[in-house]
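Beneath this line is the structure, given in structure tokens, with notes to follow.
The values are calculated or read from the model by the stated rules, or taken from the named source; none is laboratory data. These numbers come from a predicted model, not from an experiment. Positions of Cβ are generated from backbone atoms using ideal geometry, with glycine treated the same way; all protein chains shown enter the neighbour counts. To get the accessible areas, we keep the full protein, side chains included, count just its heavy atoms, and leave off ligands, DNA and RNA. Shrake-Rupley method; radii C 1.70, N 1.55, O 1.52, S 1.80 Å.
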Amino acid sequence: MPKGFGGGMPGGMNMNSLMKQAQKMQKQMAEMQDALAEKSLEVSSGGGAVRVTINGEKQITDLKIAPDVIDPDDAEMLQDLVMSAVNEAIRQMDEAVNSQMSQITGGMNLPGMF
């Protein structure tokens, strides 16, 4: 039998313990996904002229634009405000997800999980 099998893994950790740890982490990640589905974050730009609400699945759930920033002669400014608010909302949600994820994984990088 190859060295390291049967008696345990290096560092004193056995396969059973490792599997239990992985199952616990999997359960915590599923709970986090459920919590994120209910999470909501509101971000604004232009001093509150544009407000974007995003959920934990990075879907825009609400968008409010103050009437005084709707200028038919300056659509570009409004586009910039909307883009800025949406991008900031996504950035903040990514930050919140990564923070929660690192609590579960102990800082291990698990690419593709979220």
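Worth pointing out:
- Filter result (in contact (Cβ under 8 Å) with a residue 12 or more places away in the chain and among the small types (Gly, Ala, Ser)) within segment 76-102: SER84, ALA85, ALA89, ALA96
- Check on LYS27, of a type outside the set (S, T, N, Q), in contact with a Gly (Cβ under 7 Å, 6 or more places away or on another chain) and open to solvent by 70 Å² or more (accessible area, probe 1.4 Å): no
- Qualifying residue in segment 63-75 (condition: free of Cβ contacts under 8 Å to residues at least 12 places away in the same chain and outside any loop (DSSP other than H, G, I, E, B)): yes
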